[in-house]
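Okay, structure first, notes after.
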Amino acid sequence: LWLLLFVVTAAAQGPNNSGTYYKNANGYKGRALKSRLYAIINPHTALSYDALWDAYKTTDRRADGKLWDMYSDITNFVIGGSAQGASYKNEGDSYNREHSLPKSWFRGRSPMYTDLFHLIPADGYVNNRRSNYPFGENKGEGYKSANGFSKLGSCTTEGGSGTVFEPNDEYKGDFARIYFYMATAYEATITSWSSAGSGSAEIFSKDEYKPFVDWQMNMLLRWAKEDPVSQKEIDRNNAVYALQGNRNP
């Protein structure tokens, strides 16, 4: 009886204490599953752009209370301190609100513009060097952040081309799952997005079910496998859920 109670309780809690949030996706697979998840996670409370600064106090706080920066490993920002949105000349001067999926790709439209799942706090200088280039692997001949943590250069990923930005191995899975979230939460509009621009390759396929071109999709899947979900991601998912009312499946 105790074992039965444990199993029933665990099922009711759902993955990572998500309760019955995903129940309407039960029994589906493939394209139908993705569309079911879209219907579940797309409706959410859209925050204002200014509200993101306060959101980072719960979504991106390190154990020591400082800001969690996934673009630089030398920053030690006080959340909401003088470095917030400040001007910068070098890495470590300030932090800003980074659209990990650049806003120009979806033409700055809402609610993507303020969706916390892909809007991360990041060092201003490194973010500026990233610009709106896609993610990809490279040798860092264009730019390397301190300790070679993040890199910019010509794409070396098989099948890829153009200038790309490579996050550190520690967070590649995080960013892959962020991109999978965006592909699912905005299934209805993603076919109109485009990353093509000066020096940038097109990563969108115009297919709502499999919206990334093969080289990008294969790379993201590999990143997600090589860098599995961390406690940081689980905690951030729960913190964003508390603010937006939706999750990254």
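The values are calculated or read from the model by the stated rules, or taken from the named source; none is laboratory data. Computed from a prediction, not measured in an experiment: that's the story for all the values here. Neighbour counts are summed over all protein chains in view; Cβ atoms, including those assigned to glycine, are modelled from backbone coordinates with ideal geometry. Please note that ligands, DNA and RNA were not included when accessible areas were found on the heavy atoms of the full protein model with its side chains. Shrake-Rupley method; radii C 1.70, N 1.55, O 1.52, S 1.80 Å.
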Carbon and sulfur: what percent of the chain's accessible surface (1.4 Å probe)? 51
Hey, what do the phi angles of segment 209-226 turn into as Karplus ³J(HN,Hα) couplings, whole Hz, using 6.51/-1.76/1.60 and θ = phi - 60°, x for Gly and Pro? 7, 10, x, 9, 4, 4, 5, 5, 4, 5, 5, 5, 5, 5, 4, 5, 6, 6
Using the Karplus equation 6.51 cos²θ - 1.76 cosθ + 1.60 (θ = phi - 60°), what ³J(HN,Hα) coupling, rounded to whole Hz, does each residue of segment 133-144 give in order, writing x for Gly and Pro? 6, x, 6, x, 8, 7, 9, x, 6, x, 5, 9
Note to self: with every protein chain in place and a 1.4 Å probe, the chain gives an accessible area per residue in Å² of 48
With axes computed from alpha carbons, what is the tilt in degrees of helix 30-41 against the longest principal axis of the chain, rounded to the nearest 10 within 0 to 90? 90
Cross-link pairs beyond the 24 Å C-alpha cut-off, checked among Lys57/Lys144; Lys57/Lys232; Lys172/Lys210: Lys57/Lys144
Check the straight Cα-Cα distances from Lys139 and name the aspartates and glutamates below 12 Å, setting aside those fewer than 8 residues away within the same chain. Glu166
Cubic angstrom per residue, convex hull over Cα atoms of the chain: 136
About the Cα centre, charge dipole magnitude for segment 86-193 (Lys/Arg +1, Asp/Glu -1 at Cβ), debye: 340
